[in-house]
Amino acid sequence: MKLVEPPSYSSPSTVVFIGRNRRGQWVAQEQNGLYGGLFVSRAQAIKYVLFENGQHSETIVELPREIELDMGKSPNNIVSQRAA
């Protein structure tokens, strides 16, 4: 039996940002900080997001500039962005 953690609660309208950080790792971060992580590949980041958000690919926004995973307490500044 495979144990699987249930998805985090999120509404279909919640936006999730994905992109690369300055070290080249892929970052996925839900806009309100409910979930996120670092990934080796874009495909793994997207797979994770789709699992967490109930297969709503329309809510994924891939950023063209660097982003950093922010696990801080401020939900208003979840994704720190730097001009590429």
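The values are calculated or read from the model by the stated rules, or taken from the named source; none is laboratory data. Quick caveat: nothing in here was measured; it's all calculated off a predicted structure. Cβ atoms come from the backbone with ideal geometry, glycine included; neighbour counts cover every protein chain shown.
Taking region 54-68 as the range and being farther than 15 Å from Gln29 by Cβ and either surrounded by 16 or more Cβ atoms within 10 Å (Cβ to Cβ) or among the basic types (Lys, Arg) (or both) as the test, only His56 passes.
Tell me, which residue of region 19-53 that is of a type in the set (Val, Ile, Thr) and buried (at least 21 other Cβ atoms within 10 Å of the Cβ) is nearest to Asp70 (Cα to Cα)?
Of everything passing the filter in region 19-53, Val27 is nearest to Asp70 (Cα to Cα).
Given the chain, what strands (runs of 3 or more DSSP E) lie entirely inside it while holding 2 or more residues that are at pLDDT 85 or above?
On the way: elements: 16-20, 26-30, 36-39, 60-62, 66-68, 80-82.
Result: 16-20, 26-30, 36-39, 60-62, 66-68.
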